[in-house]
Amino acid sequence: MLHPWLDYRLGILLKKCAKKRIYLIITEGYRSKAYQDALYAKGRTKPGKVVTNAKGSTYSSQHMWGIAFDIAINDSRLLYDHAMLKKVAKIAKKIGLGWGGDWRSIVDTPHFYLTKWGSTTATLKTIYTTPDVFRKTWKKKVKRSKGLLLWKAQSKLTGCYLRIPNGATVDVLYAKGWYMKVRYRGKVGYVNRKFVK
Ligand SMILES: [Zn+2]
């Protein structure tokens, strides 16, 4: 239920952290409107502490757009240990993720997100209106009778993984210049974006 680009980066983050013997638990990913509303009610109309300032009806949580996840350290003594989360954040930022620990209004150290649309959901709301519309842009189809090569790098010098057949569906990570970064059958690479619709 996460955006393919975030899902891909989450995989990298888990691997890089494991190399440093930091093991993570994913505690939150995609949130539906109903779930976000239930969280918003906590500490307001329902018992407990306030856990979010984002209402479901306004789509103002990044989780509702599938562009954020929350983590904890997989060690009962260190779950939300600040120094450990900071170490994770350092690795996450190197692979291009945003960190809720850098926010000023509500510091949210277990929260990581895609930064392409800024640190709020305002831009997403302007472009796509609702998460359902946004989600439809995550998958596209190859439209080329002879299929489309999936390159290992933008330069094309390192060769390609395979030929994606005409009509096949790919997960869209992002588009830039001539190419689109996509995932197909577990391989992440680059295709000519002209032939992906
Ligand atoms: Zn979060």
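The table below gives the values:
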read-out	value
Cβ-Cβ under 7 Å pairs, at least 6 apart or on other chains, the stretch 142-155 side within 10 Å of Tyr190 (Cα to Cα), far side of a type outside the set (A, V, I, L, M) and part of a loop (DSSP other than H, G, I, E, B)	Lys152/Thr158; Lys152/Gly159
Every residue from the stretch 25-38 that is closer than 19 Å to His3 by Cα and among the aliphatic types (A, V, I, L, M)	Ile25, Ile26
Of the criteria (1) free of Cβ contacts under 8 Å to residues at least 40 places away in the same chain; (2) under 17 Å from Leu114 (Cα atoms), which one Tyr161 fails	(2)
Among the candidates Asp108, Asp81, Asp102, residue that is within 17 Å of Ile22 (Cα to Cα) and of a type in the set (Asp, Glu)	Asp81
Top-ranked residue of the stretch 79-104 - restricted to ones that are away from the ligand (no atom under 11 Å from the Cβ) and under 14 Å from Thr27 (Cβ atoms), ranked as most open to solvent (accessible area, probe 1.4 Å)	Tyr80
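Residues are listed down the side, and each one gets a yes or a no for (1) open to solvent by less than 60 Å² (accessible area, probe 1.4 Å); (2) part of a loop (DSSP other than H, G, I, E, B); (3) not assigned by TED's automatic domain parsing to the domain that holds Lys116:
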| position | (1), (2), (3) |
| --- | --- |
| Tyr30 | no, yes, no |
| Gln36 | yes, no, no |
| Val51 | no, yes, no |
| Ala72 | yes, no, no |
| Asp75 | yes, yes, no |
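The values are calculated or read from the model by the stated rules, or taken from the named source; none is laboratory data. Since this is a predicted model, take the numbers as computed values, not measurements. Because the Cβ atoms are built from the backbone with ideal geometry, glycine has one as well, and the counts that use them run over all protein chains shown. Just the protein is used for accessible areas: all its heavy atoms, side chains included, with ligands, DNA and RNA removed. Shrake-Rupley method; radii C 1.70, N 1.55, O 1.52, S 1.80 Å.
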